[in-house]
Structures are given as structure tokens and as C-alpha cells.
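Contents: one structure, followed by commentary.
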Amino acid sequence: MPLYKKISEKHEVYEINILEAPDEELMQISKERSLALNLGEMQKIREYYRKLNRNPRDIELEALAQSWSEHCCYKSSKPILKETVFNIEAPQNICVISEDAGVVEFNKDYAYVVALESHNHPSALDPYGGAATGIGGILRDVVCMGAQPVALVDPLYFGPLDIEPEKIPEGTKHPTFLFRGVVKGIGDYGNRVGIPTVSGQVCFDESYTGNCLVNVGCVGIVKKEKIIRSRAENPGDVLVYAGGRTGRDGIHGVTFASLELDAESENRDIPAVQLGDPITKEPLIHACLEIVDKKLASGLKDFGGGGLSCVVSEMVHAGGCGAKINLEKIPLKVDTMAPWETWVSESQERMLVSCSKDNLKKILDIFRLWDVNASVIGEVTEQDKVEIVFNDELIYEMDLDFQIKGVVYQRPFIVRKRKLEKESYEEPEDDCYEEILLKILSSENVSSKEWAIRQYDHEVRAGTILKPLQGILGAAGPGDACVIAPVADSFRGLAITCDCNPGYTKYDPYLGSASAVEEAVRNLVSVNAVPHSFADCLNFGNPEKEEILGDFYESCRGLYDAAKKLGIPFVSGNVSFYNESPTGAVVATPTILGVGIVKDIRKAVTMDLKEPGNNLYLIGKTGRELGGSVYAKLFNETGEHVPGVDIETLKRKMDFMHEAMDKQLIRSCHDLSSGGLLCAISEMVIAGDLGAEIHLRNAELRTDFKLFSESNGRWLVEIKPGMSFEFEKMAEYAGIDFMKIGKVSVDKFLEVYDGKRKLIDVKIEKLRHAFTEAIPDIMEGEKEIDIGLDYVV
């Protein structure tokens, strides 16, 4: 019998002879069809069909490949996740982990919805389209819980912008090309659909040169009584397909994402990248939310990875039911598509609604009113399987337990111990500190990301209270977190931040991941928010490599230990494996989306200095913790100690900071992170366009360690002189380490002293130029980079 045999006279449906296929042919099938299934999985499928005494049809084998992909079933990560981040309960949890987005209590009437995803592989091939469709997908994840999206975030990771073209792997695009395309894709899609992009981060590291990372998140708001689930649990309900037509774009998206990138990826896998359409998305969102508001639907789920093959099977399996689908009812972009292509296509802007037959006409009328295509494609059944009929011919029959439960691996892993070297460089001469500060401020990972931020509309919907750039007009600095007012008639708000420092996780995935949690908390506290929930997007290399999975394990352990002690749950998340290219794996990158509750948005605090004469205080201890720091990197060294995390002390500081802010003692606040104390105060003077005079203390540390250490658990705060006594007494009573280190000055200079030694006396404008012009100089052509294409960026 041939390997492929056409079994339908009317349709392009083939039987694939796996029952007689030896192992070599099984792997040939997997490779030829881009299934990304390994030999063990192909053998398991063969045994399943031997029990059925038949060969699979091509559409069935394709469906299994989607559901069994790493992207869809978390087969390598699930055991570790269950031990760690899945295992934090909290009273604010309403519906977490189990759905496409987490639902968390906001107040007595409303809940907020959180989702964080990756679109890494598609963006590496097509930066504009990959990033745009990432935004489209994360919006649908929030909508399918019945929530109105209110904010977007975009943590991004690229290779160095000034990298020489000869260091770029074959088949890989230059970081400047990727950065420009990704930012444009996010901005165009988010701006056109009318949702503000309010937070994010941009990091640069050599490990991302061959595989950029594009993480996107969304926050939404929903009345508790209107929350809907992504399940169909009523036999007899109909399934309504709504939105864009199905085409050949996005075929094998999830299986492509379960392989490493190589020199042939662009030519071979570009059809796996979806095509976004925000103009279709906006009315689709409105129509779905109107249906939810009128309580007409029994279930709602978005078309994500795996297309119809996953959305139908996952939705009915979650409800303990099955489905019968009429494939000819699917609206197509081209009528020559094979049935398997229709079933697994990941074409964008599509939603699946389940509803009773009594509500069907009302739902179709709403979609028609919003000019959204909608059609009935099947119904929910009692049997635990999915059947597909194409013009009255049965072409697909699949047991749902076998498809959905798939495979789970307890893969072996090795926890690597990296050796960090003690700092060998000499303490700089006093007259070198200004030059060092300017170099750090203009370095890619510290410098202003305004070039990207200004391409996003962060004020659409008129609910953004604190913006990503904060300070006086024309001189803004980087806010620690954004604040939005999701409910119009309430002063209660949400604070949103994104955090991950790959410099730390490169050397210590455990401490680096715990630090990401700790920094997210500090950022939220900085704006007077109570940290309330996390979402994570865990970006790693190939989990079949023991050292990579070991990094993943240590990262999850760090996230869990820090969040568990804080009592803050992970409510949603994503795992993205196989982020590798011929140059190697990306550094462990556990992106954190932190959400906090702002009890009164009128008491939110910004980071820009406010008034000359005010006192400046450093909260928290500074240690010799420069492992993975930007200062150590300046000397091409690792630094000896990655910053540690002390959660119990952090909790006391959080309580103290909230009390001081609620009493409105704190005029401005900024957390200390990359670049340490000196970068933090520089950003504050830049944003406030006011000077500062800083006096260092702590004779135990070298001057450069005091200035550039990145110890966790620290803030800089500005206090009025008349309130300083009360602030100091509160800190003493709470047992908080604090130090008065200087004052805000009217002169537009930053002056820094260590004892009687004057280290820095620099104009704010000089600081601002170094901080704000580094990235535009590259991206706008003043510093030309030949990226190996037919034009110069």
C-alpha cells in the first residue's frame, strides 16, 4: 500500500499508511508534513490507529500534530509548572490558569482579566506581521472571557542594534530591521483597534541576535456577572464561527514554533505567519461583547494556535462534550483549500461562539449589525469525540481524550552552576565618573525607549492616568508602572508593569527570576499600587536539552518562591520553548507582567522630581551586587554576585511605602534597578528638569559599588522638608533601612559627592542627551548601520 492514498472522490482527503510504516517512514511523514512530532509520538499515534484497525486521514494526523505541539499542550513544561507557578492560591482568584486568560477580582462588581503570550518565531521571520498578529491574538484571549480590553503591553528582546552584519546568522535579519518592524506592527495594530499600549520593556543581548523575542500582553475589565468561559457544555447548542475568513496563512504556526530556527526557516516556514486585520478585529470585539452583555452565548473562545482543530476540540472537551462539524460551512479566502488546511489554518480575527438554538437568530443579527461574517458550522454533541462531515461525507473522527490529553514528558534536566568572577577592575578615578555615567545612560539597556513608546497611542480610551513616560512636558523619564482607570465612575485603578533582567538570568536563572518578581513589585509600589497578580511568559531554548530545561526549572522555582512568599498568584501565562538559532539558545527570559490595585488614582505617585529644596532618601540597603549589571558589562566582566532577594524585608518596606504614600508624604518615587543609584537619580532629574545634590555614605563599599550596585529592595523618594521628620520616624518605627542622601536643587545640575570628594557635576541637558538620543541615533540614521540589505537603516 502506498504511503498516501486518496480516499475521497469529491475531496482532497488522503489516508496515510502509518500502520505498515517502519520508524524511518514515520519520521519521514512527520518531517514532510512539518508535524514536529518525534518518533515516540508517531509510534503512539500508530498504536492508537492499530486499535481502531484503520489508518489516519491526513486531516486527523494534522490535528494531532497541532494539539500535541509544545505550544498547545505544554508537554515538557507542565510537570514543572504544576509544582511551581500553578500552585499559588489567593482569595482574589476567580478563574485562573485554566483558561486563555486569568480573571481576578477588581472590586465587588468588576473583575480584571490578564493574558501574556509570545509571538517569537513569527516575528523573527516577519517582524511587522508577527508582532501585529501577536497583539491580535492577545486581544482575543481577553475578549473570550467576556472582557473589554483596556491596555496592551509589549516586552521585547533583540540582539544589539549596533552588531556587525557578519555576526548575524545566515537567514536572520538584523536587529535594527526587526526592532523597527516589530514596533511598527504593534503600533499599527494597537492604534487601529483603539486599545492603548501602556507598558513594556526593550532589552538587548547577544543571545537574541538569532531569535528575537516578542511578548505581548493585555488587560481587560468585565462585570463579574458577565464573565463567560471558553467551554461548550450543553449538547444541542450550535457552534457559530464569526470574523475573518479562513485562508492558507498561518498553517503549521504551532508546529513551526516547536522547532529551532535555522537558515532555511524564512523560505520554508513563512506561510506559518498569520496575516492580521485590525479593521476586522474592532467590530468583532464589539459584537462579541454585545453578545456577552446580553447573555446570549453559552461559551466563547478565540481561534489561536492550531486553528479550528484546537478551538473546537478544546472548547467542547472543557465542557465534557463533543462536536459535529460541517466543514463546507467554513468561510474561506480561497476555495481550493484542502480540508486539512481549513482545519489547522491559523488565519486571524476569528471567534467561536456556542449558544442555544433559541438565541441563534439574535446572535447572527448582532454580527450582521456589526458587519461581521458569521455562520453556523456545527453543534455540540454528547459523545466524547469530534466528527467532521464535508458535504455529507465523514472525513474526520477523533477521540477527544486522545487528542487533548496528548503527551506529557518528565524530561531529565541538569541545573547548571555558572561561575561568576570577582570584579577585577580598579576603582575609577574621581574624574572618570561623569564619563562612566554618560556611557551607561546611553547604553541600549538603560537608555530611553521613547523612540518606540511614541509610536504607540497610550491615551486612546481616555483611561490612562500615569503614562509610560512621566515628567514635565518635553523632558519625560521612564515611569515605573502605568496606571489606568478601567471603570469610569470609580477612583479605583490598575497599575501595570513588565519586568525581566536577562543580565541576571544569564548567570543565575533562580535569582534572576526571583528578581523579576521583586522588581515588578517595586515598580507597582512606586506608583502607590498594591501588587495583586502576575502573568508570566517563559522564553527558553530547546527543552530536550537537559541544561536548558534545568534553567527552566530553576526559573520557575525562583518565580514561585518569590511570589508564594508575597502571596501574589500567577493567574495566566505562556511557555515558549525552542527559541534557538545556529548561534545557540536565548538567555533564560521569564517575562513578568505585574498588576496592582491603586486604591485611589488621585494618590498615584510619579518618578519625576517636583520641587527644589525637597529631601531625597534612599530606602533599602546597598550591597556589592553587580553580577550581570550594566556597570560590570562596561568592563566586559560578569560581576561577582547577582542581586539577592529578601522577600520578608521587602514586605515590611512595601507596607511602609504604602502608608507613607497614603499620607501623601512622598512627592516622587523611583525604584533602583539597571544602573543602580546613579542612573535612578539621573532619570528623576531628567524627568523633573530639576537638579540634585547627592552625598554618598557607607564607608564599607567602594564608591563605584555605591553608585552602580543593582541590589534589590531599594527606592529613591522625594520628601518635603516639613514632612521629613514624620517620614523618618515612620521608617524607624517600621524597622526600615533608610538614608538621607541629598536634596533637589533649582540649579539644573546633578552634583554627586562621596564624603568631601566631588565626583560629578554635570548639566541635566547633557544627561538628557545621552539618555534620549542613543537609540534614535541608530534607528533614524545618524549612526548608520549596514544591515546587509539593499538599504541602510
In whole percents, the bins of 10 Å from zero upward hold the Cα-Cα pairs of the stretch 328-446 as 8, 21, 20, 10, 9, 14, 12, 5, 0
Would you work out what percent of the accessible area of the stretch 622-666, with all protein chains in place, is carbon or sulfur (probe 1.4 Å)?
44
State which entries of LYS224/LYS281; LYS361/LYS385; LYS422/LYS651; LYS173/LYS506; LYS301/LYS385 exceed 20 angstrom in Cα-Cα distance in the structure shown.
LYS224/LYS281; LYS361/LYS385; LYS422/LYS651; LYS173/LYS506
Enter the mean projected area of the convex hull around the alpha-carbon atoms of the stretch 589-702, in nm², rounded to one decimal.
9.3
Do the alpha carbons of any pairs in LYS75/LYS357; LYS108/LYS565; LYS663/LYS766; LYS82/LYS295; LYS417/LYS743; LYS603/LYS748 sit beyond 32 Å of each other, and which pairs?
LYS75/LYS357; LYS663/LYS766; LYS82/LYS295; LYS417/LYS743
Just the accessible area per residue of the chain, please: how many Å² with a 1.4 Å probe?
36
Given only helices, namely DSSP H runs of n ≥ 4 each adding -39500 (n - 2.57), what is the per-residue ellipticity at 222 nm of the chain, to the nearest 500 deg cm²/dmol?
-10500 deg cm²/dmol
What do you get for trypsin sites (Lys or Arg not before Pro) in the stretch 1-110 restricted to DSSP loop and a cutoff of at most 12 other Cβ within 10 Å of the site's Cβ?
LYS10, ARG54, LYS108
Averaging sequence separations of C-alpha pairs under 8 Å and six or more residues apart, then dividing by the length of the stretch 645-793, give the relative contact order as a whole percent.
28
Given the chain reduced to its alpha-carbon atoms as identical point scatterers, what log10 I(q)/I(0) does the Debye formula return at q = 0.10 Å⁻¹?
-1.00
Evaluate E = 1/(1 + (r/R0)^6) for TYR753 and ASN107, where r is the Cβ-Cβ distance and R0 equals 45 Å; express this FRET efficiency to the nearest 0.05.
0.40
Pop out the Kirkwood hydrodynamic radius of the stretch 1-103 from its pairwise C-alpha distances, inverse of mean 1/r, in Å to one decimal.
16.1
In the stretch 666-759, which GluC sites (Glu not before Pro) fall in coil by DSSP and have 10 or fewer other Cβ atoms within 10 Å?
GLU700
Report the gain in length on full extension from ARG368 to ARG416: 0.36 nm times residue separation, minus Cα-Cα distance, nm rounded to one decimal.
11.6 nm
Using only the Cα atoms of the stretch 640-745, build the gyration tensor, take square roots of its eigenvalues as a ≥ b ≥ c, and label the shape rounded, prolate or oblate: rounded if a/c is under 1.5, else prolate if a/b is larger than b/c, else oblate.
oblate
I'd like to compare 473-482, 741-750: which one has the highest average count of other Cβ atoms within 10 Å, and what's the full order after that?
473-482, 741-750
Can you tell me which of 602-613, 114-125 comes out highest on packing, and rank the rest after it, using the mean Cβ neighbours within 10 Å?
114-125, 602-613
Using a probe of 1.4 angstrom, how much of the accessible area of the stretch 499-586 is carbon and sulfur, in percent?
42
If R0 = 41 Å, then GLU20 and SER375, at their Cβ-Cβ distance, give a FRET efficiency to the nearest 0.05 of 0.55
Quick one: work out Rg over Rh on the C-alpha atoms of the stretch 101-248, Rh as Kirkwood radius.
1.07
Starting from the Cα gyration tensor of the stretch 468-514, take the square roots of the eigenvalues, sort them a ≥ b ≥ c, and report rounded, prolate or oblate (rounded when a/c is under 1.5, otherwise prolate if a/b is larger than b/c, else oblate).
oblate
Just grab the label-to-label distance for ASN38 and ASP392, each label 7 Å out from Cα along the Cβ direction, in nm (one decimal).
4.7
Please say if the stretch 32-180 is rounded, prolate or oblate, where rounded means a/c under 1.5 for a ≥ b ≥ c the square roots of the C-alpha gyration tensor eigenvalues, and otherwise the choice is prolate for a/b larger than b/c and oblate otherwise?
oblate
Neighbour-limited loop hits for trypsin sites (Lys or Arg not before Pro), the stretch 332-383 (at most 16 other Cβ within 10 Å; DSSP other than H, G, I, E, B):
LYS333
Students often forget the sequence filter, so: which aspartates and glutamates lie under 15 Å Cα-Cα from LYS226 once same-chain residues fewer than 8 apart are removed?
GLU105, ASP109, GLU290, ASP293
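The values are calculated or read from the model by the stated rules, or taken from the named source; none is laboratory data. Values in this document were obtained by computation on a predicted structure and should not be read as measured data. Cβ coordinates were reconstructed from backbone atoms using ideal geometry, including for glycine residues, and neighbour counts include every protein chain displayed. Keep in mind that these areas ignore ligands, DNA and RNA; they rest on the heavy atoms of the full protein, side chains included. Shrake-Rupley method; radii C 1.70, N 1.55, O 1.52, S 1.80 Å.
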